[in-house]
Every structure is written in C-alpha cells, then in structure tokens.
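Structure first, commentary second.
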Amino acid sequence: MNIRYLYLAAILALGSPLGLSAQDTSTSAAPAGAAPAPAADNDPAGANTTGTKLDVPNLVVPQPTGADAKDASKVAAYKSFKAQAAKEPLAMQMADTIGHNKIAINFMWTLVTGFLVMFMQAGFALVETGLTRAKNVAHTMTMNMMIYPLGMLGFYVCGFALMFGGVGAPGAGSLGTCTSLSHEWTWNIFGKPFGIIGTHGFFLSGNAYDAGIFCLFLFQMVFMDTTATIPTGAAAERWKFSAFMLYGCFIGSVMYPVFGNWVWGGGWLSQLGVNFGLGHGHVDFAGSSVVHMQGGVIALIFAWLLGPRYGKYNKDGSINAMPAHNIPYAILGTFILAFGWFGFNPGSTLSGTDLRIAVVATNTMLASATGCAVALLWMWLVRTGKPDPSMACNGMLAGLVAITAPCAFVNSIGACIVGIVAGILVVESVFVFDKLKIDDPVGAISVHGTCGAWGCLSIGLLADGTYGQGWNGAHWFKLLDGTYKMMDPSLAPTGSIEQGVLGLFYGGGLSQFWAELIGVTTCFITLSILAFVVFKIVDAVVGNRVSREVEIDGLDVPEMGVPGYCGISLDPQAETPMPKGETFADRGRTVPLAEGS
C-alpha cells in the first residue's frame, strides 16, 4: 500500500497517461461533492465587499431562485427577512458594517504581511552577496533585484491564473465573496477528479478584476519571488546574466505555478485526503514545499548542470575553500529575512481575525532560534572546531524554512524540535553536497531544499490536531471509541470531536505523513524535470555559463559593465580559492575582506 502511494506520486508527477483522462476545463477546484460555485460577482472597487452574507449569514436570507422559488418555506423565510429588515434598517446596516470591517481587517493584514515578505528580497540580496566574493558583488546584487520584476510580470501574465484559477473565493472567502477563480482543468485518475492547473485570471482581467483577488495576487506574488531568488545563490559567480534573465521569465509564469496549484490551488495533492483518506491531503501552511523546496530543487539542478566554480576542487577531489567576502552583509541579511518571516508565516492565514497568528509567529521565532544555535554548536563541536558565523546564519534560515509548513499545526515543543533537526540537517547537507561536487556558494540547496522537505515531513510527525479542522475539505472526527474517521460534519455522531491536522506522535498514525511524503517526492520529481528543461532551453539560446576568463576576473565588469566596489582595490589573495590546509594567517591576513570594506 505504501509503495503504491509513492508509485502514484511518480505517475502524476511525470504526467504518465496510465489511468488518466482529461476532463472539462471549467470545473470547480472544490472537493468532490461540493456545491458548484455561484456566478462570479467581482468587485474592483471593494465597495460591495460587505461581510453580511459571508460573516453573519443568519441575518441575511437570500431571495430564492430557480427550484427554491417553489419552496414555500424558503419563500416565507425570505418574506419574513424582508419585513424584519424594513422594521429594523439600523440593525441590518450595522450587520453590513461589522461584516465589511472584518473583511477590511483581513485585507489590511494580508497586504501588510505581503509588504514584509517583499522586503525579504533585500535580505536575500545581502546574504547571497555577503557569502560570495567581492569581484561578483554587482552581478549577484543585480540578479536579486531583477528577479523581482521578472518573476512578478510572469506571474501577472499567466502564473497566477495557472496556480489559483480554480481556487474559488480569494483566501477561501476571507478576502471577499468573489468566486470567479472557479476554473480548474482536471484529470480523472482512478475515478477521482484531480486538479492539474487553473485556467482563469490571466492578466488579472475580466471577472478577476476584483479587490479581493488583487489582494491575494500581491501576497502570493511575493511568495513566488522568494522561490525565484533561491537559485541565484546556488548558481552565483558563474551564471551568465542573460541566461538568468531568461530564467526569470520562466519561473513566475510556468515553473512555480504548477506544483503550487497542486497544493494551494485546489489541485490533486491537496485532495489526497478527500480522495484517498490520507490525512488532510498534502498540507503546507506557508510554503516549505511550495516556496522553499521548489527553489531548492531548481537550485540543485542548476548548480549540478553548471558545474562547480573554477578552482573549487583539486584534481584529487579535495575541496578548496572560497570564503565569503563580507560576513556582516550575511548576518544583516539574515536578520532582515527573519523579520520578514513574521509576514511570511502568520500572513498565510490571510486573516487578521484568525487568532492562531500568535501561535504561528511564536513557533516561527522558536524554530529560528533553535536552528541557529544548533547549527553553530554542531559546526563548533562536531565539524570544524570553530563557531562558524556563516553557518549560524544558514542555521537560522534553515529553522525558518522548516517551520514554514508546520508553524500553524505544532505546539512550541514541536517548533523547537523542527528547528533543532533543521540546524543539524543544514550543516550535514552542505558537507554532503560539497563531497558530491555540487558547488553551492551560499548553501541555498541545503537551507531551502533539504530543510523545506523536512518541514513538510514534520507535519506528519508533530502536528497536534488543534488546528486545521476541515483543511483541504477533509473532515476527520475522533469517535467515542478513540478511532478516527473522515465524514461529512452533518453525519458526525454525537460526542465525536473534529480533529485538525494530526501527526504520528499525537495519535494520527502515518496517514498524514504519507500525504506529506507524496508531496515532497512529487515536488522533487516535477521541479527537477522543469528545471532541467528550462536550463537546456536557455543553454541553447544564450548559454548558461560565463567563460573561464570572465569567472576568474570576476563577473562585475565583463557582465555588468561596472564593479561592485568602485575605487576599491581588491585583495587578489582573498579572491582566489584557498588550497587545503592553508589559512588566512598563512597569507598574512586575518579576515577575507576586500580592502577598505
């Protein structure tokens, strides 16, 4: 049974035609059995985004139409409502105001947290630039800047539609009542409708011209941009800028949205619970797999295909250190990223009125602290005998990446465990990839790929069941005999208690873990294929790697036309690989910084 689940994941990820048949392209992404979405009612001005119908349903009785118009009880209820509204117009007006303000709070929360995530680009730029060499500063910084507009425009043109075109109401209704995102292309797989890709919302036009959908777009766009910037670190110091620009066009439009739809857009991974009884389906609260692991897998494929930097490895396979040129950049960038993560994770509620945000924020903080401390201690006591500051930075980021998926579903102890494991994993992963001759100048593959996978798997182990009831349309109840069963809430027996997302260590068995493992496996397979294809296309068009001469001299002037540090004479020794056994003291220097920095 377990092998069958993994085989199913491989079939779906590779797009095998076995057992698959295409369905209508205008189907809803809602779980099987759900009512069809109502006609779109877009509201570009936001003026009609009241909460009455959404938040105080008992105060509003819709006018019966169609078959309901012949139902005497519904007609009578509507007439009674109209009479009451005429007698108490102030009460109805208050209901409208209360509902509208709740939606407005959610709008403001989602937008502000989106702004925080956008500022994380500055953190990525500083971390990547600081951990690479001074002769490539302008090139690395510019990649981190330009991925923002390139990825955004691709996401605007088609990426958002492909990812969220079948999701239904924006933010599951927390951002308004528009339901125009109701078109998902599906396949019938073993008799089950599995969503593959969205088909509505291109250019944010037509019925997608809605305040709530625009709010959702902004928030999701900056998440996509986080994925997009991860490979710029792993491929730094030898990637042609023209090749990077072409990649920037692919990432937001095609590469990111596919897997994103399967998890967050109502696609097949989210429905593993409803269709196969695997927990609540593949659950990823804020993006350990959707955002970080995707970026890590792309980074892995790109770094492998580009090959290591010149001078990184000796003929005998031994590794030459290529030290970071500016540790203060890296540390400052890490703190900016940690700050932005308080938008990344709590903002993923898409609701300022969901008080679980306090738990999410605190868990995020605890995992970052444990990840940082453990990575530094592991390097110091186990690996090198020194408290490496760059690995402390990566440890903090590893903890943040890992907690991104489970942050809403675990308690504080679980968050610390997630961070501790991530702190060890990131160190060991860096050493493993170095031995495999996968040259990653900043450790992006280990931080985002390895720890992103761990974050998702940790849900299947550590989720405590206190949050996530009905997640992905799966309703699990704990019955009086202590067993768990998925059923329609209206059929739940008296005394049963609906459970949130539940992991193995809290009595949930391996059901949720299998859903997470299938999602992680699918992410690796799918993004490996997409990254390989994009890399080969770009290589055929402009080539991916700079010449050896450009790489040795530095990419700044040959590629960008300007040095990163104007008027500063770089120390050539600090800019060349350090042979095994040599230290900076041997070179008469104590730190690997550019002169004058």
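The values are calculated or read from the model by the stated rules, or taken from the named source; none is laboratory data. Just so it is clear, the model here is predicted, and its values are computed rather than measured. Don't worry about glycine lacking a Cβ; one is built from the backbone with ideal geometry, like all the others, and counts go over all protein chains shown.
One table, with the values for the structure above:
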{"quantity": "Only one of G201, G195 that is without any contact (Cβ under 8 Å) to a residue 60 or more places away in the chain, buried (at least 24 other Cβ atoms within 10 Å of the Cβ) and in contact with a Phe, Trp or Tyr (Cβ under 8 Å, 6 or more places away or on another chain)", "calculated": "G201"}
{"quantity": "Boolean, T140 is polar (S, T, N, Q), on the phi < 0 side of the Ramachandran plot and in contact with a Cys (Cβ under 8 Å, 6 or more places away or on another chain)", "calculated": "no"}
{"quantity": "Whichever residue in region 102-129 is aromatic (F, W, Y) and under 18 Å from the mean Cα position of the chain (by Cα) and, among such residues, is nearest to T353 (Cα to Cα)", "calculated": "F115"}
{"quantity": "Qualifying residues in region 69-102 (those that are in contact with a Ser or Thr (Cβ under 9 Å, 6 or more places away or on another chain) and farther than 30 Å from G340 by Cα) - the one surrounded by the fewest Cβ atoms within 10 Å (Cβ to Cβ)", "calculated": "T97"}
{"quantity": "Any hit, region 550-562, residues being of a type in the set (G, A, S), in contact with a helix residue (DSSP H, G or I) (Cβ under 6 Å, 6 or more places away or on another chain) and surrounded by 15 or more Cβ atoms within 10 Å (Cβ to Cβ)", "calculated": "yes"}
{"quantity": "Some residue of region 319-331 being outside any loop (DSSP other than H, G, I, E, B) and closer than 20 Å to I438 by Cβ", "calculated": "yes"}
{"quantity": "Residues located in region 470-486, provided they are assigned to a helix (DSSP H, G or I) and either of a type outside the set (G, A, S) or closer than 13 Å to G507 by Cβ (or both)", "calculated": "W471, N472"}
{"quantity": "Residue tally, condition more than 22 Å from the chain's Cα centre (by Cα) and in contact (Cβ under 8 Å) with a residue 12 or more places away in the chain, over region 204-235", "calculated": "6"}
{"quantity": "Subset of region 103-119 (residues that are surrounded by fewer than 24 Cβ atoms within 10 Å (Cβ to Cβ) and within 19 Å of G295 (Cβ to Cβ))", "calculated": "G114, L116, M118, F119"}
{"quantity": "Qualifying residue in region 139-162 (condition: within 13 Å of C215 (Cβ to Cβ) and among the hydroxyl-bearing types (S, T, Y))", "calculated": "no"}
{"quantity": "Top-ranked residue of region 151-173 - restricted to ones that are in a helix (DSSP H, G or I) and modelled with pLDDT under 95, ranked as nearest to the chain's Cα centre (by Cα)", "calculated": "G171"}
{"quantity": "Filter pass, L337 being buried (at least 19 other Cβ atoms within 10 Å of the Cβ) and either within 17 Å of the chain's Cα centre (by Cα) or not hydroxyl-bearing (S, T, Y) (or both)", "calculated": "yes"}
{"quantity": "Check on G99, touching a residue at least 40 places away in the same chain (Cβ under 8 Å), over 20 Å from the mean Cα position of the chain (by Cα) and in a helix (DSSP H, G or I)", "calculated": "yes"}
{"quantity": "Region 174-221: number of residues that are on the phi < 0 side of the Ramachandran plot and not in a loop (DSSP other than H, G, I, E, B)", "calculated": "28"}
{"quantity": "Verdict on V520 being out of contact with any Phe, Trp or Tyr (no Cβ under 8 Å at 6 or more places or on another chain), over 22 Å from H139 (Cα atoms) and free of Cβ contacts under 8 Å to residues at least 12 places away in the same chain", "calculated": "no"}
{"quantity": "Candidate set: region 236-261, residues that are hydrophobic (A, V, I, L, M, F, W, C) and over 17 Å from M560 (Cα atoms); chosen: the one nearest to the chain's Cα centre (by Cα)", "calculated": "F259"}
{"quantity": "Among the candidates H292, H282, residue that is farther than 28 Å from K485 by Cβ and either without any contact (Cβ under 8 Å) to a residue 12 or more places away in the chain or surrounded by 24 or more Cβ atoms within 10 Å (Cβ to Cβ) (or both)", "calculated": "H292"}
{"quantity": "Candidate set from region 61-96 (those that are polar (S, T, N, Q), farther than 24 Å from G46 by Cα and in a helix (DSSP H, G or I)); member that is modelled with the lowest pLDDT", "calculated": "Q84"}
{"quantity": "Lone unmet requirement of (1) under 30 Å from T466 (Cβ atoms); (2) crowded, with 24+ Cβ neighbours inside 10 Å; (3) of a type outside the set (G, A, S) for N411", "calculated": "(2)"}
{"quantity": "Meets criteria (surrounded by 24 or more Cβ atoms within 10 Å (Cβ to Cβ), closer than 19 Å to A286 by Cα and small (G, A, S)) for G347", "calculated": "yes"}
